[in-house]
Each structure stands twice: as structure tokens, then as C-alpha cells.
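Novice: Here it is, the structure in full.
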């Protein structure tokens, strides 16, 4: 049951009419009230039943954070009455559904499609809450309303802002492969093939032995190592929940992990993905050649930082247990938090470093750096002292990790993704993968 | 967040009733306390009528004191209407009628009372009353400088007449209206007339008082006020008439004065309001709940520690943090290892910055007690000194 402004207006007109009815007041009041109630009741009865409407959906199922997705609701009217009224496609507040409701008119036996645009401000899955149909009667006074179920889920993927760094890093990769025009000889460390010498090739790459066997001059070509395995581990524990700028550390880490995955995929390496705090939250295993980025993005979408202390023993066990014997690069995206690292990860790291190459990447908080530079008042100095202490602890943990043979990438949110990519390219150039 | 459907908060059974009780118990307690206090306060308090010359009133302008004094040796009947007064006067053998607030009586009622032929005391009567009871007595003015209720600050007026009641009473506060009588006795002259006039009419003594001041509670114990009142009301029965205000006849409430159409339009108006509320209040589907994200700044522990340092004035901690930050950042640039000795660091720094080694040693390795942590000023100087070395190193 719902009424429109028109019903209130009708009742107001009845009020005015009764006010001027003079001595006929009692009769006029009775007639007016009865008339309004009767018309409203009639309109409710004559309205098409909202419960009888058939709903179906189509539209986008996923989008990147910051983009807008369009979801459609198709309302089919199987009744013999015309449906007039409002339809609201309800979504959680953070999905920012627009418009809030649609005016709709569906003739008997026909169907109409209404579009709702979603601009989510949070990563993850947004579930449709229900479609409310308000059917107004032919007089436009009142009607019936019903909320129907029409399930749909829109997955908001990580934005992958660092994609803009991808072309630059790829060109660095190509330099390694010797395909870059500026490079005469590739710096890769793995023998690729022999081919005929063409003017311009570096004379140092001439394979004299092969040249002696044949007619022409033959050069060796080199390429960087391929088909190495990389495991990206995302720590989703409490330290990842802290916000750097306006974004949780976890999201910065995802951005960096995606750039690394995209880059490694192009370089021919296989990328696995693991999200872990006290249990496996998400896992992607590389299946065959090709980029795993889209699968990793899908796996990342619903991840949120949990307010629990991560379990480093379980993490190390999972990394060692699920992988084969092959050596791989394990990239751990976490925070260089001395309290949790020194007690948890450091003692167990040797188990990892003995078999794999380990890289730890952490997002550095520019707010702490700014605090350390504060001067002028005693309050500012106390803040600077506290910040220096935090930075010093980070340096100590970094030094300790490096002593154990772990690569450490520590950069602020702006630079963490390119810094991680550079560290990967450097490892590749050194042939350490 | 998992892929499960949105979490709808569930309520434990009975929690709604408990919530309502939690929300209502404080207002209920306040209401109960207020009720108890007001009931207790109203217990034992007697309500007295109030009003000018009201025989039951204990206010300064009431006459309860006089009535109680009169009751010691004579009957006093307090009546509120002319009918009751006539009945009381007729029923008593020797009666004096005291008429106050006579403007509340209609002329025919006055005529009827005057026709009783009883002794009468008129207190500040109106023109109609004077005509009915004492024709020939005229209002001649007011005694000067007195309020309407009558003041009694001075010694009062002297009787200056041979009326026994007045002569025995002596001076009385009778500042009010003044009268002249064609026949009869005038007492308490004050300017243009007399404040008390006694006339005879058909064998009844009619006493006219220019004001009720001598009768009120506040003035009864002054001068000869009480004596005059007792003297002029000298009878076995005193019938004290203070008429109630005349009842309005055929009065209509404001609602009844409205045209019936307007009155009856309230019914459809209620319906209009109900429809308006329904129109604006009906929501298009339920609200959608959503879990709020965790918002915690990554720098929170650092800022918390800064607050602790400041509240405990931990200058030693701040100084050592600033120094180690300086050393850890700059010593590697000097080509020294992290475990270089203080002497090596100082000499390398002195080479690069041009400072005296003693000065640098005092800044970086002051020993104990640390002079740089004496107060906040010293700490600020330490920070400035370190920043200055950083600038020189970068040059």
C-alpha cells in the first residue's frame, strides 16, 4: 500500500469543500471522507499486482574501482493490467547506484528494461538487495508495493593504477632480450639460438666454432631466462589494514603485485598468487603459459585486511608445502613492522631462503617521513623523535633481512609498484632467478 | 569479505523489549519522582479563597481577621448572592448587612436588598447602590494622594463628629471616596466631604464607608480601624455579602462559534494529514545494510608514541632517536660501515663539514648526563645542530 501526492491533494480539496459547506457540514464531511477513502481503495484494487511481475537481469558483472558499471532489470508484465509506477533497484550504499528509482510503464504482456549505473567506492562484491516495484492504480492516487528478489553480483576489481608503468618496464625487459633497437647485444644470460651475422651485430657475439663449420659468419643470440616461477604472497593481516594516505596498505600492495604479475607474464615467467593471514584467503596457480593477471585480479577483488596478527609459521609452511621442488622467487608483500617481523617471520625465513629467492616489499608511510622532518616547537620535536624511532626500527629490520639474503623493497605508495618491478628486472638481468 | 550474501544484523529475541526498557527507565524514574514530590508538597496545604475584602482570604487585602473577631461575640454569615443575603437577613432578628463589591449586583437586586429595611454597611458603594440604599448621599470626591485600595501610612482621619461609633473608634484609615449627605451624620471629613456617612432610612441605619481599607487583614490592627468596624457592625448577626461575579448566560465556546462547515472540515483535514504522512513516509523498499570498512591510519602507533614522549617529557629518547637517525643516514655516505667507532665517525664528519671534532663529539656523543636533554630549548638546539650538519654534508 502506498499513496501519491495526488491522493493528499484530493483530500485537501475535500477539506476545502467541507469548510465552505456551511450548515451541511456533517453530511459533507462524511461524504468527503468516504469518497476519498473509496477512491484510494479502488485505485489500490485496480493497480496491477507488483507481486505478479517477472524480473530478470543483465549487464556488467565486474568493473575496476573508479569505473561505472551498468546493470539492467527487465520487468515483464504477465498480468492483464498495465503497470504504472516506480521501480527501485536497491544496492548497498557504497555501490552508489544511480538513479535511485525509475518511473516505469509496462503494458500487459510487454516488458521494459531499466538501467542502473553503479559507481562503487569499495573493492569487492556488491550484491543486489532487491527490486522494489510500486504499482500505482489508474487514478494515480494509490497503489501497491512489493520488494522482489532479483539476485545479481557486481565484482569491483582492484584499480591497477600502476598499469601506466607497464610500457616503461616492458621496454626495459626488451633491452634485456636484445630486441631493443638501442642495444646491439642482448644482456640475457641464457643461450637462445644461432643465426647468420648481419652488419651491425656485436662482433663479440660471433660464435667462431659455428662459423668455422659453415659458410657464413654465425652469431649467438641470447635471451633472458624464461619460464621461471614467481610466487606473489600478499599479507592480509592487521598491518595491511593501516591506511597510507587514504588507501589501505593492502591496496597499495595489490597494485604493486599486479604490475609485477603483468610484467613477469610478459617476460615469460609463471606467476602464482597467494593471500594469507592465518589461513589461505586466496590462491591462484599458474596453469600453462600466458598471463595470469586477470585471474589474480579476480582473486584479489574480495580481499580485505583482517584485524588479526598474521601467522608467519603457517605462511612459510604453505609456501613450502604447496610448491614443488623448483626454485622460485617468493615476493612477500607485507609491512616492515619490527614487532611482527622479528618475532614471527625472521626466525623462520631461513627455511624459505635455503630453497627460494625471497623478496620482501613494503609500503612506506610518507606521513612518518614528514613527521621525522618536523622542527620548530618542542611538540614537533617529540613527534620527530617518535618518527625517527619508527624509521630506525624499519632500517634495522631491513638490514637484518638483507643479511639473510633477502631482497628488500621499501618505497612510498607512489613508487612501490615501479620499485618492485625494477627489483624484479634487476634480478632477471643478473640471472638470479 | 567473503562471497556470502550481505550480513543482516539479527536481533536476539527479547532484546527489543529490553532496549525499550533501557531507553524509557530514566524518563519514567524522573516522572515518578516529580509526581511523588508534588503529591507530598500538596498534602497539608489548605487552599484559602483570595480577593479584595474576601472574608475567607488570609491575604493582606482579605478580611478573614475581621470576620474571626466578629465571630467571637456575634453570628457572622458569609453569603455570595443577593437571594441568600435576603434570606439570612430575614431569618435573623437583629442583623446588619455588610455589602461589598456591590458592582456585581444588578439594580433590581439592590432594590430588593434595600427594601429589606435592615441596618446596612456599604463599603465603597457605587452610584446605583447609593441611590437604592441612601438617596441623598452623593459622591463628592476622593481624599488626595491615596491609592484605590487605600493607604494607611499616616495616623488616619480624625472623626470630628458625634456619632458614637466613630467617636469611640478615634482616628481611622478611611482615605477613599468622600460623600456629602443632605440628611444624616458625616464623619471623618477630608476635603470635599466625609469619608463615613450615616443616614437613617425607614428606621434602618445605613452606614456608607468610602473605602474598605479599615476592614482588611493588613490594616485591622492599626489606629481605630478594628474598633470602627466592630462598632458599625453592631448586631447579633452580621450578614457579609460579597457577591460572586454574575454568571455569563448563553456563552458559547470558540469551537461552537466557528461555522459548522469549518468545524467539520477537521475530519477530512485529518485524513489529508494521514495521506500526506503516508505519501512522504512510505519508503521505496527497505534500507540496505553494509559492513563499514576498517579505518586506521598506518602512522597511528608512531603518533601515539609521539604523544607518550611529549606527556612524559622523554627528551633522552628523542635525542637518541634523532642522533641515531642522523648517524644511520649519513655515516654510510662517509664510506664507513655501520659498526664504525665514534672516533672514526667524528673525524670523518669533521673532515667533510669543517667543524671542530670536539664540537661534533659533544653533539653526537655527549656522554652522561646529556646536556642536550636538560630542557626543550636544548633539545631544539640539538635538532638545529644536526640539521645544520646535514646541510653541510649535502653541499
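Novice: Can you tell me, using C-alpha contacts under 8 Å and at least 6 residues apart, the relative contact order of chain B as a whole percent?
Specialist: 15 percent
Novice: Based on the Cβ-Cβ distance of residue B:24 and residue B:374, what FRET efficiency does E = 1/(1 + (r/R0)^6) give at R0 = 41 Å, to the nearest 0.05?
Specialist: 0.10
Novice: Determine, for each peptide in B:272-281, A:232-241, the mean count of other beta carbons within 10 angstrom over its residues, then list the peptides with the highest first.
Specialist: Answer by packing, highest mean first, reads A:232-241, B:272-281.
Novice: Quick one: give the max-minus-min coordinate of the C-alpha atoms of the protein assembly as shown along each principal axis, largest first, in Å.
Specialist: Largest first, the protein assembly as shown extends 173, 95, 47 Å along its Cα principal axes.
Novice: Per-residue Cβ counts within 10 Å, from other chains only, averaged over A:133-145: what number is that?
Specialist: 1
Novice: Same structure again: Averaged over A:18-24, how many beta carbons belonging to a partner chain fall within 10 Å of each residue's beta carbon?
Specialist: That average works out to 6.
Novice: If you count, for every residue in B:320-331, the Cβ atoms of partner chains within 10 Å of its Cβ, what is the mean?
Specialist: Mean partner shielding for this stretch: 4.
Novice: Run through every distinct alpha carbon pair of region A:2-46 and return the Kirkwood hydrodynamic radius in angstroms, one decimal place.
Specialist: Roughly 10.9 Å, rounded to one decimal.
Novice: OK, next. Over region A:15-98, what number does the Rg to Rh ratio reach, with both radii from the alpha-carbon atoms and Rh per Kirkwood?
Specialist: Result for region A:15-98 is an Rg/Rh of 1.29.
Novice: Mind pulling the angle between the C-alpha long axis of helix A:416-429 and the longest principal axis of chain A? Nearest 10 degrees, somewhere in 0 to 90.
Specialist: Between the helix axis and the principal axis of chain A, the angle is about 30 degrees.
Novice: Another question, then. Å³ per residue of the Cα convex hull, for chain B?
Specialist: 472 Å³
Novice: In units of 2.2 N^0.38 Å, what is the alpha-carbon radius of gyration of region A:229-429?
Specialist: 1.02
Novice: Eigenvalues of the Cα gyration tensor times 5, then square-rooted: what semi-axes does that give for region A:50-157, in whole angstrom, largest first?
Specialist: Taking √(5λ) for each eigenvalue gives 28, 13, 10 Å, largest first.
Novice: Kindly express, to the nearest 10 degrees and within the range 0 to 90, the angle between helix A:312-322's C-alpha long axis and the longest C-alpha principal axis of chain A.
Specialist: Roughly 80 degrees, rounded to the nearest 10.
Novice: Please list B:252-264, A:3-15 highest first by mean number of surrounding beta-carbon atoms within 10 Å per residue.
Specialist: A:3-15, B:252-264
Novice: Tell me, B:21, B:372, B:240 in order of fewest to most beta-carbon neighbours within 10 Å?
Specialist: Arranged by neighbour count, lowest to highest, B:21, B:372, B:240 become B:21, B:372, B:240.
Novice: Regarding region B:121-280, what is the average projected area of its C-alpha convex hull, in nm²?
Specialist: The number I arrive at for region B:121-280 is 16.9 nm².
Novice: Scaled to the compact-protein estimate 2.2 N^0.38 Å, what is the alpha-carbon radius of gyration of region B:307-394, rounded to two decimal places?
Specialist: 1.09
Novice: Using only the alpha-carbon atoms, how far is helix B:342-353 inclined from the longest principal axis of chain B? Give it as 0 to 90 degrees, nearest 10.
Specialist: 90 degrees
Novice: Three principal axis extents, largest first, for the C-alpha atoms of chain A, in Å?
Specialist: That works out to 121, 71, 43 Å along the principal axes.
Novice: Can you sort B:386, B:292 so the residue with the fewest Cβ neighbours within 10 Å comes first?
Specialist: B:292, B:386
Novice: Before anything else, pin down the relative contact order of chain A: Cα pairs under 8 Å, at least 6 apart, normalised by residue count, whole percent.
Specialist: Once normalised by length, the contact order is 12 percent.
Novice: Run the numbers on region B:307-394 and let me know its relative contact order in percent, using alpha-carbon pairs under 8 Å that are six or more apart.
Specialist: Relative contact order, region B:307-394: 32 percent.
Novice: On full extension of the chain, what length is gained from residue A:339 through residue A:113, given 0.36 nm per residue of separation minus the C-alpha to C-alpha distance?
Specialist: Length difference between fully extended and current span is 75.8 nm.
Novice: Among DSSP beta bridges lying fully in the protein assembly as shown, give the percent that are antiparallel, nearest 5.
Specialist: Beta bridges within the protein assembly as shown, antiparallel portion: roughly 60 percent.
Novice: Taking neighbour counts of Cβ atoms within 10 Å as a proxy for exposure, in what order, fewest first, do A:266, A:428, A:169 appear?
Specialist: Least crowded to most crowded, the residues run A:266, A:169, A:428.
Novice: GNM on chain B, C-alpha springs below 10 Å: top fluctuator among B:56, B:170, B:385?
Specialist: B:385
Bear in mind that the values in this text are calculations on the coordinates, not laboratory data. The structure displayed is predicted, hence computed values, not measured ones. Methodologically, a virtual Cβ is constructed for each residue, glycine included, from the backbone with ideal geometry; neighbour enumeration extends over all protein chains shown.
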